[in-house]
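Heads up, the thing below is written out as structure tokens.
The values are calculated or read from the model by the stated rules, or taken from the named source; none is laboratory data. Quick caveat: nothing in here was measured; it's all calculated off a predicted structure. Please note: Cβ atoms are built from the backbone with ideal geometry, for glycine as well, and neighbour counts cover all protein chains shown. When the accessible area is computed, the model is the full protein with side chains, heavy atoms only, and any ligands, DNA or RNA have been set aside. Shrake-Rupley method; radii C 1.70, N 1.55, O 1.52, S 1.80 Å.
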Amino acid sequence: MTTVVVPAGGLGTRFLPATKALPKEMVPVGDRPAIQWGLEEAVASGVRRAVIVTAPGKELIRAHFAPDEELEKTLEGRGSAELARRIREIGSLCNVEFVEQAQPLGLGHAVLCALPTIKGEPAVSVLLPDDLFSGSPPLLAQLIEAHTWEGCTVLALRRCPKEQISRYGVAAVEGEGPVFRVTDVVEKPAAEDAPSDLALMGRYVLTEDVFTALRTTQPGALGEIQLTDAIREVARGGRVVGVEFTGELLDVGTLDSWLATSVSIVWRDPELGPALRARIAELEASES
Ligand code: G1P
């Protein structure tokens, strides 16, 4: 498994007005943009090539992953060798390529846009940068390992409270876990129609049959071409498993969740954490 597809063409409407001009994937979480956390997880999982599916007007994502020797030199000249090293690292994380999704027609459509760049690969991984993983081993590595054993499409599953389940794709499963056979998946079902409490999180390993299904997948939930609907076809043929993964998944797709995630990340950061804790203590003291 060498390639990860990273859909980053969404409009970021859940994050407006902050994302009017700034791509939502570029909103910082701690000291780096959300999408960088995603690529770092992919690289730590053994991925060597990222295909980022962007939309027109999202040039900042491209700029972020491009090497910037000028900036490195300036930083070195100012005695900031460590910062220069970190900037160099972003430009050389992995081989990053871009594909444009001309219209926001849905996650399934975004993944299909990457198809011409992954011809000949029996399986690719997909990482949604709205879901940020914290833990070890990396979430994508857990899915890739399951794929190595099972040889089929693999989904990331997490138990989800009933009142939140309608935000997600939901799997019908057989078996005891943590690796389940997935018999069906439904995109954003009403709580009473959800086939289980196992929600799909933003990591996938997809085999060729999902791409074949995607070519003819019709718009589904929200009028969009849903990746879940293509996976459904393959699951019904018995070729999908789901992994109830270990570790923490933090959402950065909405303003509320981004705030909570940012606080969690910064809280644990050895450099940034102390200042945040001191400020929170100060605010609490001023309230009482
Ligand atoms: C997408 C998928 C959904 C999945 C979710 C995970 O939905 O369509 O199946 O559960 O990501 O974050 P979105 O968040 O784009 O609405």
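Structure values in brief
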{"item": "Test for VAL5: is it assigned to a helix (DSSP H, G or I), within 15 Å of the chain's Cα centre (by Cα) and farther than 15 Å from SER262 by Cβ", "result": "no"}
{"item": "Sole residue being within 20 Å of the chain's Cα centre (by Cα) and not hydrophobic (A, V, I, L, M, F, W, C), chosen from GLU233, GLU224, GLU176, GLU163", "result": "GLU224"}
{"item": "Residue that is nearest to THR2 (Cα to Cα), among those in the stretch 125-150 that are hydroxyl-bearing (Ser, Thr, Tyr) and either within 14 Å of the ligand (Cβ to nearest atom) or surrounded by fewer than 22 Cβ atoms within 10 Å (Cβ to Cβ) (or both)", "result": "THR148"}
{"item": "Failed condition for LEU206, given (1) more than 19 Å from the chain's Cα centre (by Cα); (2) more than 12 Å from the ligand (Cβ to nearest atom)", "result": "(1)"}
{"item": "Scope the stretch 2-25; condition of a type outside the set (Lys, Arg) and buried (at least 20 other Cβ atoms within 10 Å of the Cβ); matching residues", "result": "THR3, VAL4, VAL5, VAL6, PRO7, ALA8, GLY9, GLY10, GLY12, PHE15, PRO23, GLU25"}
{"item": "Options GLY177, GLY151, GLY202: the member that is touching a strand residue (DSSP E or B) at 6+ places or on another chain (Cβ under 9 Å) and modelled with pLDDT under 95", "result": "GLY177"}
{"item": "Any hit, the stretch 243-258, residues being within 13 Å of the ligand (Cβ to nearest atom), within 23 Å of VAL47 (Cα to Cα), open to solvent by 30 Å² or more (accessible area, probe 1.4 Å) and touching a Ser or Thr at 6+ places or on another chain (Cβ under 8 Å)", "result": "yes"}
{"item": "Test: LEU105 is within 16 Å of the ligand (Cβ to nearest atom), modelled with pLDDT of 95 or more and either of a type in the set (A, V, I, L, M) or surrounded by 22 or more Cβ atoms within 10 Å (Cβ to Cβ) (or both)", "result": "no"}
{"item": "Helices (runs of 4 or more DSSP H) contained in the stretch 227-288 and holding at least 2 residues within 22 Å of GLU145 (Cα to Cα)", "result": "227-236"}
{"item": "Subset of the stretch 187-208 (residues that are open to solvent by less than 50 Å² (accessible area, probe 1.4 Å) and either without any contact (Cβ under 8 Å) to a residue 12 or more places away in the chain or of a type in the set (A, V, I, L, M) (or both))", "result": "ALA190, ALA191, ALA194, LEU198, ALA199, LEU200, MET201, VAL205, LEU206"}
{"item": "Some residue of the stretch 192-199 being under 19 Å from GLY238 (Cα atoms), assigned to a loop (DSSP other than H, G, I, E, B) and within 14 Å of the ligand (Cβ to nearest atom)", "result": "yes"}
{"item": "Within the stretch 59-162, helices (runs of 4 or more DSSP H) holding 3 or more residues that are in contact with an Asp or Glu (Cβ under 8 Å, 6 or more places away or on another chain)", "result": "81-91, 107-113"}
{"item": "Residue satisfying all of: in the stretch 156-186; within 13 Å of the ligand (Cβ to nearest atom) and under 22 Å from VAL4 (Cβ atoms); most open to solvent (accessible area, probe 1.4 Å) among these", "result": "ARG158"}
{"item": "Cross-chain or 6+ apart pairs with Cβ under 9 Å, the stretch 150-170 first and touching a residue at least 40 places away in the same chain (Cβ under 8 Å), then among the acidic types (Asp, Glu) and near the ligand (Cβ under 9 Å from one of its atoms)", "result": "ALA156/ASP131; GLY169/GLU187"}
